[in-house]
Amino acid sequence: MTIAVLIVAAGKGTRAGGGLAKQWRPLAGKTVIDHTIDAFLAQGLKTICVVRDPDCEVAAEVLGSYPDLILADGGLDRAGSVRNGLIALQKHGINRVLIHDAARPCVSASVIQAVIEALDHGPAAAPGLPVTDALWIGQDGAVIGTQDRSALFAAQTPQAFHFDAILAAHLAAQGDAADDVEVARQAELSVQITPGDSNNIKITRPEDFTRAETILRTSMTTLPDIRLGNGYDVHRFGPGDHVTLCGVRVPHDRSLQGHSDADVGMHAVTDALYGAMAEGDIGRHFPPSDPQWKGADSAIFLRHAVELARSKGFQIGNIDCTLVCEYPKVGPHAEAMRDAMAAIMTLDRDRISIKATTSERLGFTGRGEGIAALATATLVRA
């Protein structure tokens with residue numbers, strides 16, 4: 001699964017004052033769009049397309065410091081700009097896309113992750129804040145009525161979509177739209193509302209710069225909760241014709257023995273995640289005395305640890321797993337193992353390391369009696 005971010009930055013931003021478009025103006029030691037781009041890079045989202053005015057010299061200077069950006073030209077309106085960005089991403093094998101306003105530099109990790117996770121259950125998702133203020137209908141400076149607010153939400157970005165669905169919706173849409181949710185609804189796509197954040201403000205007026213700077217500087221001085229966990233597991237060899245390592249079936253003249261499928265690598269990673277949360281080990285959550293786990297797919301255990309971490313507000317920073325054995329040779333299968341683990345954990349494969357070493361023919365692994373695995377996991381909660 002490849003997730004891209006499309007940042008809309010082609011507007012003039014005149015209401016914010018200052019002459020220069022708001023997305024290129026300084027804010028808390030960077031430009032506005034620097035903060036926006038960095039928020040997504042911090043979540044491991046590296047495929048980023050920025051739609052900008054190709055004639056803006058400041059835009060070229062700022063974006064030039066990000067060599068891997070995909071650039072697209074702005075359109076006649078916002079919908080046209082998004083359409084151009086989607087077309088620019090079309091050849092990059094994108095499955096899902098997050099569309100975000102450059103002028104929302106305070107977007108949080110929790111808002112980003114919520115829309116990503118919602119795409120597992122539907123074609124579109126967007127953050128929204130329930131409207132809490134009373135709403136008036138005015139005319140000539142006077143209140144002439146009120147509006148029921150019970151089902152109203154203030155829309156935010158990033159708005160997330162299955163890529164092919166939103167591309168088709170934009171190609172079929174006529175005229176401009178307030179946002180991409182409007183385009184999606186015209187195409188009859190269901191859009192799930194995820195939790196918004198009152199700090200995820202859109203810079204629109206001059207005074208918004210002061211508020212955004214306060215939010216950003218506060219977040220810079222708030223240390224994240226970073227947890228490290230270790231995992232270690234061992235399984236002996238027995239009769240069989242393959243071993244399962246990190247979700248991949250590897251041909252071998254023997255198999256690993258265990259209560260479940262004996263995936264020693266996946267067990268070590270799972271225990272590393274539990275350890276980072278101070279949640280014990282696999283045996284605590286899936287007791288070997290319980291017959292229902294006999295021969296179970298170890299992906300069940302790993303998914304549970306991942307879901308538990310996310311339910312506690314943690315993001316997985318990275319996973320590093322080392323398999324210790326003389327045989328079978330892991331190297332030819334390491335990339336497939338990364339892919340398998342990334343799919344199970346719904347994590348970018350760039351955050352997963354699978355490697356192997358021998359014990360120089362020393363000890364039980366050196367004698368070919370079994371395989372050991374060591375793993376480290378990093379969890380981060382902002």
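Any read-out appearing in this document is the output of simple, stated calculations on the displayed coordinates, not a laboratory observation. Only a predicted model underlies this, so the values are computations on that prediction, with no experimental measurement involved. Here the Cβ positions follow ideal geometry from the backbone for every residue, glycine too, while neighbour counts run over all protein chains shown.
Subtracting the Cα-Cα distance from 0.36 nm times the residue separation, let me have the gained length for residue 182 to residue 297 in nm, one decimal.
Numbers: separation 115, 0.36 × 115 = 41.40 nm, distance 4.20 nm.
Contour length minus Cα-Cα distance gives 37.2 nm.
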Stretch residue 30-residue 228 to full length: gain in nm at 0.36 nm per residue minus the Cα-Cα span? 68.2 nm
Label-to-label distance, nm, for residues given as residue 42 and residue 279 (7 Å Cα→Cβ offset): 2.4
Of the listed values [x] 66, 62, 31; [y] 86, 45, 44; [z] 63, 50, 41, grab the one calculated as Cα extents along the principal axes in Å from the structure here. [y]
GNM flexibility winner over the chain from 290, 350, 148 (Cα, springs under 10 Å): 148
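Please list 189-196, 31-38, 170-177 highest first by mean number of surrounding beta-carbon atoms within 10 Å per residue. Write down the numbers at each step before the final one.
Numbers: 189-196: 17.0, 31-38: 23.0, 170-177: 13.9.
Result, highest mean Cβ count within 10 Å first: 31-38, 189-196, 170-177.
Set the Förster distance to 35 Å, then compute FRET efficiency between residue 311 and residue 353 from the Cβ-Cβ distance, nearest 0.05. Could you put the intermediate results ahead of the total?
On the way: r = 25 Å, r/R0 = 0.71.
E between residue 311 and residue 353, to the nearest 0.05, is 0.90.
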Explain nothing, just the number: dipole magnitude of the range 3-221 about its Cα centre with +1 on each Lys and Arg Cβ and -1 on each Asp and Glu Cβ, in debye rounded to the nearest 20. 280
Expected sort for 136, 24 with the fewest Cβ neighbours (10 Å cutoff) up front is 136, 24
What is the gain in length, in nm to one decimal, between residue 134 and residue 198 on full extension, counting 0.36 nm per residue of separation less the C-alpha to C-alpha distance? 21.3 nm
Counting alpha carbon pairs within less than 8 Å and at least 6 residues apart, what relative contact order, in whole percent, applies to the chain? 15
Over 27 Å between alpha carbons, listed pairs 22/46; 46/202; 46/329: 46/329
State the answer as a single residue: which of 356, 256, 293 lies farthest towards the positive end of the charge dipole of the range 225-381, with beta carbon charges of +1 for Lys and Arg and -1 for Asp and Glu, about the Cα centre. 356
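Could you tell me the relative contact order of the range 225-381? Use alpha-carbon pairs under 8 Å, at least six residues apart, and round to a whole percent.
The value is 34 percent.
Of the DSSP beta bridges with both residues in the chain, give the percent that are antiparallel, rounding to the nearest 5. Don't skip to the answer; put the middle values down first.
On the way: 43 of 70 bridges.
Just about 60 percent of them are antiparallel.
Can you tell me, using C-alpha contacts under 8 Å and at least 6 residues apart, the relative contact order of the range 1-111 as a whole percent? Write down the numbers at each step before the final one.
Values: 189 pairs, mean separation 46.0, N = 111.
Reported as a whole number, the value is 41 percent.
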Over the chain: helical MRE at 222 nm, DSSP H runs n ≥ 4 each giving -39500 (n - 2.57), nearest 500: -9000 deg cm²/dmol
